[in-house]
1. Name, by its number, the condition in (1) more than 17 Å from residue 202 (Cβ to Cβ); (2) part of a strand (DSSP E or B); (3) of a type in the set (D, E, K, R) that does not hold for residue 109.
2. Check residue 43 against each of (1) at pLDDT 90 or above; (2) under 18 Å from the mean Cα position of the chain (by Cα); (3) not acidic (Asp, Glu) and name the one condition it does not meet.
3. Scan (1) among the aliphatic types (A, V, I, L, M); (2) open to solvent by 10 Å² or more (accessible area, probe 1.4 Å); (3) closer than 19 Å to residue 13 by Cα; (4) within 18 Å of the chain's Cα centre (by Cα) for the single condition residue 120 breaks and write down its number.
4. If you go through the stretch 148-168 one residue at a time, do you hit one that is without any contact (Cβ under 8 Å) to a residue 12 or more places away in the chain and out of contact with any Asp or Glu (no Cβ under 8 Å at 6 or more places or on another chain)?
5. Name the single residue, out of those in the stretch 138-160 being in contact with a Phe, Trp or Tyr (Cβ under 6 Å, 6 or more places away or on another chain) and not in a helix (DSSP H, G or I), that is surrounded by the fewest Cβ atoms within 10 Å (Cβ to Cβ).
6. State all residues of the stretch 90-103 that are in contact with a strand residue (DSSP E or B) (Cβ under 9 Å, 6 or more places away or on another chain) and either crowded, with 21+ Cβ neighbours inside 10 Å or without any contact (Cβ under 8 Å) to a residue 40 or more places away in the chain (or both); if no residue qualifies, say none.
7. When only residues in the stretch 23-57 that are in contact with a helix residue (DSSP H, G or I) (Cβ under 9 Å, 6 or more places away or on another chain) and among the charged types (D, E, K, R) count, which is nearest to residue 87 (Cα to Cα)?
8. What's the number of the only condition in (1) open to solvent by less than 50 Å² (accessible area, probe 1.4 Å); (2) among the hydrophobic types (A, V, I, L, M, F, W, C); (3) touching a strand residue (DSSP E or B) at 6+ places or on another chain (Cβ under 8 Å); (4) part of a loop (DSSP other than H, G, I, E, B) that residue 135 fails to meet?
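The values are calculated or read from the model by the stated rules, or taken from the named source; none is laboratory data. All values derive from a computational prediction rather than experimental measurement. Every residue, glycine among them, receives a Cβ derived from its backbone with ideal geometry; neighbour counts consider all protein chains shown. Just so you know, the surface numbers come from the protein's heavy atoms only, side chains and all, with ligands and any DNA or RNA stripped out. Shrake-Rupley method; radii C 1.70, N 1.55, O 1.52, S 1.80 Å.
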Amino acid sequence: MSTPRYKRILLKLSGEILAGERGYGIDPQIMNRLVAEISQVHGLGVELGIVIGGGNIFRGVQAGAQGFDRASGDYMGMLATAINALALQDLLEQRGIPTRVLSAIEMREIAEPYIRRRAVRHLEKGRVVIFACGIGNPYFTTDTAATLRALEIDAHILLKGTKVDAIYDSDPVKNPEAEAFESLDFMEVLQRGLKVMDAAAISLCMDNDLPIIVFNVGVEGNLKRVVVGERIGTIVQTPLKGLEK
């Protein structure tokens, strides 16, 4: 059995990944494949927290263009993350993996309220913890929520699972000559304006020395490869610290 490099991780998944080619809603095949990846990592004894976005259902940042107040739109987006969290919980538990959904917005009938000590205790007991509804406040992205939760649970690494295999110097879809980075430091990301995570999330990681790995979670086995220490994707970290030390 492979030995995990990290004891406790926070995995950030975008809601768009769940939609697959359909672009909206939840693609059962995509979700089941993600669940298989997560179950592999859980089987290694890794303590796993997950923050999942809601962009496959509703994006708060698009609310203004649709005539909604931004704050109202963000709350709608938070509820979308709860739908995704419940779907992921159901499929994980069908595989026999104990899972808890902790919500920043109280909805006791379907999820536990987020309490940091409770989240840590669930992780220590081997349960996968899914954090829903961001941080419970508008104007904050799920990237920022993922960073905050990672710091609060003392995660060793923040893994951002995306649809691309690394961070590029330009959009690889539009520019076939775009170059991928193997590693970056936080300040480079901010200065170059690279679309890794929003600036607030990057700044939080930088201030608290929390490394980020951006990788393609759609490739079978990639999540496990990252967790056991294989060099996949792009690592963002403080210079001379983190994984290279």
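1. Looking at each condition in turn, residue 109 falls short on (2).
2. Among (1) at pLDDT 90 or above; (2) under 18 Å from the mean Cα position of the chain (by Cα); (3) not acidic (Asp, Glu), residue 43 violates only (2).
3. (3)
4. Going through the stretch 148-168, the residues without any contact (Cβ under 8 Å) to a residue 12 or more places away in the chain turn out to be none.
No; the residues of the stretch 148-168 include none that is without any contact (Cβ under 8 Å) to a residue 12 or more places away in the chain and out of contact with any Asp or Glu (no Cβ under 8 Å at 6 or more places or on another chain).
5. Going residue by residue through the stretch 138-160, those that are in contact with a Phe, Trp or Tyr (Cβ under 6 Å, 6 or more places away or on another chain) are 149, 156-157.
Filter once more, keeping what is not in a helix (DSSP H, G or I): 156-157.
Details: 156: 17, 157: 22.
Per the criteria, the residue is 156.
6. 90, 92, 93, 98, 99, 100, 101, 102, 103
7. 27
8. That leaves (3) as the condition not met.
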